[in-house]
Amino acid sequence: MGQEVNYDDLARLLVRVFRVDPADLSPGVTLQQLNLDSLALVELAVACNEQFGTTVDETSFTSEHRLADVVDLLRPG
């Protein structure tokens, strides 16, 4: 069972793994606005699974997902 993931957890992962500028982050920002391409979306799913113990599919995220949507997708159940 994975840990409970919140927005701050996701933001830290994006800064660390994808070198996203923290000033560019907010819950309403889309993955596309962060310039994450299709390969980066797969890498994001893998990084979330490793970091948070989640089991999201590698195709779970789309460029239209907002960061708040990603957090919702990472919540168990």
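The values are calculated or read from the model by the stated rules, or taken from the named source; none is laboratory data. Note that the structure is predicted; figures quoted are calculated from it, not measured. Please note: Cβ atoms are built from the backbone with ideal geometry, for glycine as well, and neighbour counts cover all protein chains shown. We work out accessible area using only protein heavy atoms, side chains counted, and drop any ligands, DNA or RNA first. Shrake-Rupley method; radii C 1.70, N 1.55, O 1.52, S 1.80 Å.
What is the gain in length, in nm to one decimal, between Gln3 and Leu73 on full extension, counting 0.36 nm per residue of separation less the C-alpha to C-alpha distance? Before the final figure, lay out each step's value.
On the way: separation 70, 0.36 × 70 = 25.20 nm, distance 1.30 nm.
Between Gln3 and Leu73, full extension yields an extra 23.9 nm.
Kindly write out, for the stretch 61-72 in residue order, the coupling ³J(HN,Hα) from the Karplus curve 6.51 cos²θ - 1.76 cosθ + 1.60 (θ = phi - 60°), rounded to whole Hz, with x marking Gly and Pro.
The phi angles translate into 9, 10, 5, 7, 5, 7, 4, 4, 5, 4, 4, 4 Hz.
In Å², what does the accessible area per residue of the stretch 5-77 work out to with a 1.4 Å probe? Intermediate values should be presented prior to the final figure.
Numbers: 4100 Å² over 73 residues.
I get 56 Å² per residue for this part.
Give or take rounding to whole Å, what are the principal axis extents of the alpha carbon atoms in the stretch 27-77, in descending order?
Here the spans come out as 26, 21, 15 Å, largest first.
Using the Karplus equation 6.51 cos²θ - 1.76 cosθ + 1.60 (θ = phi - 60°), what ³J(HN,Hα) coupling, rounded to whole Hz, does each residue of the stretch 15-23 give in order, writing x for Gly and Pro?
5, 6, 7, 10, 6, 6, 5, x, 5
Given the options Ala11, Ala47, Ala23, which has the most mean-square fluctuation in a GNM of the chain, springs set between C-alpha atoms less than 10 angstrom apart?
Ala23
Looking at the chain, which trypsin sites (Lys or Arg not before Pro) are DSSP coil and have at most 10 other C-beta atoms within 10 Å of their C-beta? Can you show the working numbers first?
Numbers: sites: Arg12, Arg16, Arg19, Arg66; in loops: Arg19.
The qualifying sites are Arg19.
Report relative contact order for the chain in percent, whole number only (criteria: Cα-Cα under 8 Å, sequence separation at least 6). Walk me through the intermediate numbers first.
On the way: 85 pairs, mean separation 32.4, N = 77.
Worked out over the chain, it gives 42 percent.
Given points 7 Å out from each Cα along the Cα-Cβ axis, report the Val42 to Ala23 separation in nanometres with one decimal.
Placing both labels 7 Å along Cα→Cβ, they lie 3.3 nm apart.
Leaving out ligands, DNA and RNA, and with a 1.4 Å probe, what % of the accessible surface on the chain is carbon or sulfur? Could you put the intermediate results ahead of the total?
Working: 2160 of 4540 Å².
On the chain, the fraction of accessible area on carbon and sulfur atoms equals 48 percent.
Give a quick list of GluC sites (Glu not before Pro) in the stretch 33-77 that DSSP marks as loop, anything other than H, G, I, E or B, with at most 10 other Cβ atoms within 10 Å. Could the numbers behind the result be given before it?
Numbers: sites: Glu43, Glu50, Glu58, Glu64; in loops: Glu58, Glu64.
Sparse-neighbourhood loop GluC sites (Glu not before Pro): Glu64.
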